[in-house]
Amino acid sequence: MPSVSDLHSIGELARASGLTVSALRFYDSAGVLEPTLVDPVTGYRWYTEGQIAPARLVAGLRRIGMPVPEIAAAVRAEPAVVHQLLDAHLRRLADGLSDARREVDRLRALVDPAPPTATTLLVTPTALAAALDAVRFAVGVDPELPMLAGVLFDVESDGVRLVATDRYRLALARAGADVDGPPVRVFLPVALVDQLRPLLDTGDTWPVRLTVAGMDLRVRVADRTLTAAALPYDFPDYHRLLRKSVGERPTARRIPVDVAALRAALADPAAPTVALDHDGTTRPVTVLGVDEQGGLRLLPAADLGTDALRVGVDGGYLLDALNAAGAPQLVLELDGPIAPLAVRRPDDVDTYSVLMPIRLENLPVPGREGRDGSI
């Protein structure tokens, strides 16, 4: 242990690093940068010469707004890992700036609305039908949440992204399109979506024409024209939702599954579930895990305490997502018991859905245990 004469006081380290004394105290209490010596009588903190560089690193990371847990990791990491943390933080900052710009544009339009400019897109009936089928199941039905009772059409320069959510699941799909006019986000009411969908199965090859002018919608399919008003609600910022739920997840397990086999396993009356109490009622929960070969399995209640990876989901919601994906093979992305489950198509990065997990902390009320549900 070096003597006090060889150490720096907290004030000296503050001056050398650019951190305030109060910040150094905070980073000590947070376990980020602990002093080498704390005087047991006075409580004075003392630091070595070798702690000046880490303190300067902490000061710099603090200035760019890096979260405390990542600052703690960076202080203890090799340079290559620090670079990875910096790259990830820069991406977050760029995403945050994009979010802010979108919100500023929305606020400018709210304060000083511009005359509506029409945007028209032409999309094939087949592509639009596939996109609608991929997201329709996730449309909200709660009358208390009318801002979710439709499908968002996020029109870009070369296509349209369709998004729907009911808070418990989020579905996305994309269709290429010829677009004439500026990008626009328009929230189609579910009634219009359900009127439109059957018209896309006539076998007609003429493109569907969707025209958006302010809140006015016009859809032309062959010889039929549908008109409606867009829903006057701000749809949730799905970009932000996706970054929080299925953004960069290096720890996620990506498990290929045969859709027919998984569908049959979920529909089997003997499929294992656990029963959880929720607001005084008991509900069956499907718990997903991984078998010894790395494949998906449905966990019986007896295995919940032993399986390293377990994710509770609503089995009916998972079936909906499987049916909507429209592919014989899918990839399920699992990342622990409180992380959302992603259902992805291996051949289409733009079409996927996200299911919120059911928390399994209050385990378990014994449920049906069935056989081991390996898929």
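Figures for the structure shown
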| quantity | calculated |
| --- | --- |
| Lone qualifier among 88, 80 - being in contact (Cβ under 8 Å) with a residue 60 or more places away in the chain and closer than 30 Å to residue 243 by Cα | 88 |
| Tally, over region 177-197, of residues that are crowded, with 20+ Cβ neighbours inside 10 Å and in a strand (DSSP E or B) | 5 |
| Members of region 155-164 that are touching a residue at least 60 places away in the same chain (Cβ under 8 Å) and open to solvent by 10 Å² or more (accessible area, probe 1.4 Å) | 161 |
| Check on residue 108, open to solvent by 70 Å² or more (accessible area, probe 1.4 Å) and either at pLDDT 95 or above or aromatic (Phe, Trp, Tyr) (or both) | no |
| Checking residue 71 against (1) surrounded by fewer than 17 Cβ atoms within 10 Å (Cβ to Cβ); (2) under 24 Å from the mean Cα position of the chain (by Cα); (3) modelled with pLDDT of 90 or more, the condition it does not meet | (1) |
| Qualifying residue in region 7-19 (condition: surrounded by 12 or more Cβ atoms within 10 Å (Cβ to Cβ), touching a helix residue (DSSP H, G or I) at 6+ places or on another chain (Cβ under 9 Å) and at positive phi) | yes |
| Flag if residue 45 is in contact with a strand residue (DSSP E or B) (Cβ under 7 Å, 6 or more places away or on another chain) and of a type in the set (D, E, K, R) | yes |
| Residue check for residue 339: modelled with pLDDT under 90, within 17 Å of the chain's Cα centre (by Cα) and surrounded by 15 or more Cβ atoms within 10 Å (Cβ to Cβ) | yes |
| Matching option when the condition is within 21 Å of residue 346 (Cα to Cα), among the basic types (Lys, Arg), outside any strand (DSSP E or B) and open to solvent by 10 Å² or more (accessible area, probe 1.4 Å), among 174, 136 | 136 |
| Set 225, 286, 211: member being on the phi < 0 side of the Ramachandran plot, among the hydroxyl-bearing types (Ser, Thr, Tyr) and either assigned to a loop (DSSP other than H, G, I, E, B) or open to solvent by less than 20 Å² (accessible area, probe 1.4 Å) (or both) | 286 |
| Hey, residue 101 closer than 19 Å to residue 243 by Cα and basic (Lys, Arg) or not | yes |
| Matching residues, region 78-99, being open to solvent by 30 Å² or more (accessible area, probe 1.4 Å) and at pLDDT 90 or above | 78, 79, 80, 81, 83, 84, 85, 86, 87, 90 |
| Flag if residue 169 is among the basic types (Lys, Arg), surrounded by 15 or more Cβ atoms within 10 Å (Cβ to Cβ), touching a strand residue (DSSP E or B) at 6+ places or on another chain (Cβ under 9 Å) and over 30 Å from residue 341 (Cα atoms) | no |
| Test: residue in region 246-260 that is over 17 Å from residue 310 (Cα atoms), open to solvent by 30 Å² or more (accessible area, probe 1.4 Å) and either touching an Asp or Glu at 6+ places or on another chain (Cβ under 6 Å) or at pLDDT 85 or above (or both) | yes |
| Filter result (in contact with an Asp or Glu (Cβ under 7 Å, 6 or more places away or on another chain) and without any contact (Cβ under 8 Å) to a residue 60 or more places away in the chain) within region 178-203 | 185 |
| Residues of region 142-166 satisfying the condition of being aliphatic (A, V, I, L, M), over 14 Å from residue 193 (Cα atoms) and not in a helix (DSSP H, G or I) | 145, 155, 160 |
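Per-residue answers, yes or no, for (1) at pLDDT below 85; (2) over 21 Å from residue 169 (Cα atoms); (3) among the small types (Gly, Ala, Ser):
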{"site": "264", "(1), (2), (3)": "no, yes, yes"}
{"site": "272", "(1), (2), (3)": "no, yes, no"}
{"site": "286", "(1), (2), (3)": "no, no, no"}
{"site": "320", "(1), (2), (3)": "no, no, no"}
{"site": "326", "(1), (2), (3)": "no, no, yes"}
{"site": "350", "(1), (2), (3)": "no, no, no"}
{"site": "359", "(1), (2), (3)": "yes, no, no"}
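The values are calculated or read from the model by the stated rules, or taken from the named source; none is laboratory data. Just so it is clear, the model here is predicted, and its values are computed rather than measured. FYI the Cβ positions are ideal-geometry reconstructions off the backbone, even for glycines, and counts take in every protein chain you see. Only protein heavy atoms, including side chains, enter the accessible area calculation; ligands, DNA and RNA are left aside. Shrake-Rupley method; radii C 1.70, N 1.55, O 1.52, S 1.80 Å.
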